[in-house]
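Q: Dropping the structure in here first, questions after.
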Amino acid sequence: MTIDEHLTAIDRLRLRDFPAEAVRSAMVESGPGFHIADLRVSQDFWDADLTEVAEALDEFEAELTALVQALSLRWGEPEMIDLAAHLERSAMGIPVRPPLDALCGYVPLVYGWRVAGRWVGVGVGQGDRELPFQLLVAVGEEDVGDRLW
């Protein structure tokens, strides 16, 4: 996908109603007050060498940088949101509220904006060394965003 296609996908997701219950499709996970969607997913890396993994990471990070720049032109500079504390809580068995429970498992850092009563965050992550890289967007109600900042 191009950056313009990513922006279109983000705009559609921002306007989509939130479901009353958790639902999941191939590319979107939604629940009360949030959506999390894959904008791009790499291949998995079960048999890949380290050079191939590093090249894929560089490519995804460059795409994230371009997307953050495009979104910053629309909405101003983003806030950087470190999700490590939420992941630590989850790993210790301490409940983490949705969508943070899912989001912190995907990406360690999110670039976020507050836009028209909702928050929008983008980031790149990889669930484990062998799993694909994901460029994702998360959209939520502003009160959910308050738990991020």
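The values are calculated or read from the model by the stated rules, or taken from the named source; none is laboratory data. It should be emphasised that the depicted structure is a prediction, and the values quoted were computed from it without experimental measurement. Here Cβ is always computed from backbone atoms with ideal geometry, including for glycine, and neighbour counts include all displayed protein chains. Note: accessible area is taken over every heavy atom of the protein model, side chains too, but ligands, DNA and RNA are not part of it. Shrake-Rupley method; radii C 1.70, N 1.55, O 1.52, S 1.80 Å.
Q: Picking from 44, 49, which residue would you name as being in contact with a Leu (Cβ under 8 Å, 6 or more places away or on another chain) and modelled with pLDDT under 95?
A: Result: 44 is the single residue among 44, 49 that is in contact with a Leu (Cβ under 8 Å, 6 or more places away or on another chain) and modelled with pLDDT under 95.
Q: Would you be able to say whether some residue in the range 20-43 is within 15 Å of residue 126 (Cα to Cα), without any contact (Cβ under 8 Å) to a residue 24 or more places away in the chain and acidic (Asp, Glu)?
A: No; the residues of the range 20-43 include none that is within 15 Å of residue 126 (Cα to Cα), without any contact (Cβ under 8 Å) to a residue 24 or more places away in the chain and acidic (Asp, Glu).
Q: Could you please find all residues in the range 67-82 being surrounded by 12 or more Cβ atoms within 10 Å (Cβ to Cβ) and either among the charged types (D, E, K, R) or under 14 Å from residue 137 (Cβ atoms) (or both)?
A: 67, 68, 70, 71, 74, 75, 78, 79, 81, 82
Q: In the range 13-61, which residues are assigned to a strand (DSSP E or B) and among the β-branched types (Val, Ile, Thr)?
A: 23, 28, 36, 41
Q: Anything in the range 6-18 that is of a type outside the set (A, V, I, L, M, F, W, C) and under 12 Å from residue 141 (Cα atoms)? List them, or say none.
A: The answer is 14, 16, 17.
Q: Ok, one more. Can you tell me which residue among 87, 7 is open to solvent by 40 Å² or more (accessible area, probe 1.4 Å), of a type in the set (A, V, I, L, M, F, W, C) and either under 20 Å from residue 129 (Cβ atoms) or touching a residue at least 60 places away in the same chain (Cβ under 8 Å) (or both)?
A: 87
Q: Follow-up question, since we're still on this one. If a residue must be among the hydrophobic types (A, V, I, L, M, F, W, C) and under 18 Å from residue 64 (Cα atoms), how many such residues does the range 3-31 contain?
A: The total comes to 6.
Q: Within the range 80-129, how many residues are modelled with pLDDT of 90 or more and acidic (Asp, Glu)?
A: The number of residues fulfilling the criteria is 2.
Q: State the number of residues belonging to the range 92-117 that are open to solvent by 70 Å² or more (accessible area, probe 1.4 Å), in contact (Cβ under 8 Å) with a residue 24 or more places away in the chain and of a type in the set (A, V, I, L, M).
A: Count: 1.
Q: Could I ask something else about it? Which number in (1) surrounded by 15 or more Cβ atoms within 10 Å (Cβ to Cβ); (2) modelled with pLDDT of 90 or more; (3) of a type in the set (A, V, I, L, M, F, W, C) marks the one condition that residue 62 misses?
A: Evaluating residue 62 over (1) surrounded by 15 or more Cβ atoms within 10 Å (Cβ to Cβ); (2) modelled with pLDDT of 90 or more; (3) of a type in the set (A, V, I, L, M, F, W, C) leaves (1) as the failure.
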